[in-house]
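Contents: one structure, followed by commentary.
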Amino acid sequence: MKAQLFVIALFVSTSAAAEPNRWTIDYASSRIAFTAEQAEAPFDGGFKTFEADVRFDPAQLAGSSADVQIDTASVATSDKERDGILRGTGWFESEQFPRARFTAKQFAKANDGYEARGELTIRSVTLPAIFRFTLKDEGGRLELHGQADLDRLAFQLGLGDWADPKWIGKTVHVTVTLIGSR
């Protein structure tokens, strides 16, 4: 019996050690931004509010994970009318779907950094997503810079009159900067 308890305790402690520590995110210095096109003219925007549970360590790729939840009502561009439209029907529908969510449990080394392979949920649509990023670790200060290109139509964003890519471009380029520590 004691031997079984020892084996269980050893397994639990080994499993816990395989998961990297959770990052402490400096939200004031971090951002989630995007570039999209309206009538072939690029515009920039971002989300003022998000929460990230990041447990990434290049030495522990198999145990790494990320769970990022974005407050869709915090979308902000340089145009208040556009922001209202983005929060509304056919877009984020922020009242009914207050959060978008990216989760990843698969990480891989890439030529110029890393890839997080996971799922992105916007409204009720969940699709595979690959987020490419680089990481600097300078004396315990972590700086992650990443990007992904998303097909807004695949996520059913911009329905009805907005579905035509000549008015709103199909591809949205998302950039992320996370500053933190472990």
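Of everything in the stretch 127-170, what is free of Cβ contacts under 8 Å to residues at least 60 places away in the same chain, within 16 Å of Phe92 (Cα to Cα) and either of a type in the set (Lys, Arg) or surrounded by fewer than 14 Cβ atoms within 10 Å (Cβ to Cβ) (or both)? Give them in sequence order.
Within the stretch 127-170, Leu127, Asp151, Ala154, Asp161, Lys170 meet the criteria.
So, Leu86, is that one assigned to a helix (DSSP H, G or I), of a type outside the set (D, E, K, R) and touching a strand residue (DSSP E or B) at 6+ places or on another chain (Cβ under 7 Å) or not? I'd like the intermediate steps shown before the answer.
Numbers: assigned to a helix (DSSP H, G or I): yes; of a type outside the set (D, E, K, R): yes; touching a strand residue (DSSP E or B) at 6+ places or on another chain (Cβ under 7 Å): yes.
Spelling it out, Leu86 is indeed assigned to a helix (DSSP H, G or I), of a type outside the set (D, E, K, R) and touching a strand residue (DSSP E or B) at 6+ places or on another chain (Cβ under 7 Å).
Can you tell me which of (1) at pLDDT below 95; (2) among the small types (Gly, Ala, Ser); (3) out of contact with any strand residue (DSSP E or B) (no Cβ under 8 Å at 6 or more places or on another chain) is the one Ser124 doesn't meet?
Just one mismatch for Ser124, condition (1).
Of the residues Ser64, Ser94, Ser74, only one is of a type in the set (Gly, Ala, Ser), surrounded by 15 or more Cβ atoms within 10 Å (Cβ to Cβ) and free of Cβ contacts under 8 Å to residues at least 24 places away in the same chain; which? Walk me through how you get there before you give the answer.
Values: Ser64 fails: free of Cβ contacts under 8 Å to residues at least 24 places away in the same chain; Ser74 fails: free of Cβ contacts under 8 Å to residues at least 24 places away in the same chain.
Residue meeting the stated conditions: Ser94.
Here is a list of conditions, (1) within 21 Å of Glu40 (Cα to Cα); (2) at pLDDT 95 or above; (3) of a type in the set (Gly, Ala, Ser); (4) touching a Gly at 6+ places or on another chain (Cβ under 9 Å), and Ala116 meets all of them except one; can you say which number that is?
Here Ala116 meets the rest and fails (1).
May I ask you to verify whether Ala108 is of a type in the set (Gly, Ala, Ser), crowded, with 16+ Cβ neighbours inside 10 Å and on the phi < 0 side of the Ramachandran plot?
Working: of a type in the set (Gly, Ala, Ser): yes; crowded, with 16+ Cβ neighbours inside 10 Å: no; on the phi < 0 side of the Ramachandran plot: yes.
For Ala108, the condition - of a type in the set (Gly, Ala, Ser), crowded, with 16+ Cβ neighbours inside 10 Å and on the phi < 0 side of the Ramachandran plot - is not met.
In the stretch 79-105, which residues are over 22 Å from Pro42 (Cα atoms) and among the small types (Gly, Ala, Ser)?
Ser94, Ala100, Ala104
Do we find that Arg117 is under 21 Å from Thr24 (Cα atoms), among the basic types (Lys, Arg) and not in a loop (DSSP other than H, G, I, E, B) in this structure? If you could, list the steps in order and put the result at the bottom.
On the way: under 21 Å from Thr24 (Cα atoms): no; among the basic types (Lys, Arg): yes; not in a loop (DSSP other than H, G, I, E, B): yes.
Spelling it out, it is not the case that Arg117 is under 21 Å from Thr24 (Cα atoms), among the basic types (Lys, Arg) and not in a loop (DSSP other than H, G, I, E, B).
The values are calculated or read from the model by the stated rules, or taken from the named source; none is laboratory data. None of the values given here were measured: they were computed from a predicted structure. Neighbour counts are summed over all protein chains in view; Cβ atoms, including those assigned to glycine, are modelled from backbone coordinates with ideal geometry.
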